[in-house]
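Peer 1: Sending over a structure as C-alpha cells; questions will come in a sec.
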Amino acid sequence: QVVLVESGGGSVQPGGSLRLSCAVSGSIFDSRIMGWYRQAPGKQRELVAAITRGDTVNYTDSVKGRFTISRDNAKNTVNLQMIQLKPEDTAVYYCNAVSPPLDSWGQGTQVTVSP
C-alpha cells in the first residue's frame, strides 16, 4: 500500500518562500514519474511540477522560474521549493504519481499567500 505524506505548507506574504516535502512509502517511487499538484478553492486539481527518476523536470507555465521540484531517491521523498510566491499560489498542495496518479491521495499541505 502506498502512503503519501505532505508537509511544509504555511502562510507567507507575497514574495515569500516555502519548501514542501512529500514522503512516499511503497513501491511506486522507484518506477513512476512523481509530481506536485495543487487545488485552489473552487478549482480543479492541477499538476504544477513533475520529475522523473532521472531528474527530468517539467513545470506548468504559471510556476516556471519560481518553483523547483527535486527528489531524493535514497529517502523516497519529493520536494518542491517555491520562491516569489503570489496570492494565486494559494492552494492545498499534494504529491502523487503522474499519468496516472494513484487513486489514493495524501492529506495535502495548505499554502496561503496573502499580505
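Peer 1: Relative contact order for the chain: what percent, with Cα pairs under 8 Å and sequence separation of 6 or more?
Peer 2: 36 percent.
Peer 1: How much length is gained if the chain between residue 110 and residue 56 is pulled fully straight, taking 0.36 nm per residue apart and subtracting their Cα-Cα distance, in nm to one decimal?
Peer 2: Roughly 16.8 nm would be gained on extension.
Peer 1: Pulled fully out, how much extra length does the chain show between residue 72 and residue 103, if you take 0.36 nm times their separation in residues and subtract their Cα-Cα distance?
Peer 2: Answer, rounded to one decimal: 8.8 nm.
Peer 1: Turning to a different aspect of this structure: What nm value, rounded to one decimal, do you get for the distance between residue 88 and residue 19 when each label is placed 7 Å out toward the C-beta?
Peer 2: 2.7 nm
Peer 1: Which peptide among 83-90, 9-16 comes first, and what is the full order, when sorted by highest mean count of other Cβ atoms within 10 Å?
Peer 2: 83-90, 9-16
Peer 1: Ok, one more. With each pseudo-label sitting 7 Å past Cα toward Cβ, what's the residue 27-residue 3 distance in nm, one decimal?
Peer 2: 1.9 nm
Peer 1: Could I ask something else about it? With θ taken as phi - 60° and the coefficients 6.51, -1.76 and 1.60, list the Karplus ³J(HN,Hα) couplings across the range 18-35 in order, rounded to whole Hz; mark glycine and proline as x.
Peer 2: With coefficients 6.51, -1.76 and 1.60, one gets 8, 10, 9, 9, 10, 8, 10, 10, x, 8, 5, 4, 6, 10, 10, 5, 10, x Hz.
Peer 1: What three numbers, in Å, describe the spread of the alpha carbons of the chain along their principal axes, ordered from the longest?
Peer 2: Sorted largest first, the three principal extents are 41, 25, 22 Å.
Peer 1: State in Å² the accessible area per residue of the chain; use a 1.4 Å probe, count heavy atoms of protein chains only, and round to the nearest integer.
Peer 2: 51 Å²
The values are calculated or read from the model by the stated rules, or taken from the named source; none is laboratory data. No experiment lies behind these values; they were computed from the predicted model shown. Every residue, glycine as well, gets a Cβ built from its backbone with ideal geometry; the counts of neighbours run over all protein chains shown. Accessible surface areas use protein heavy atoms only, side chains included; no ligands, DNA or RNA. Shrake-Rupley method; radii C 1.70, N 1.55, O 1.52, S 1.80 Å.
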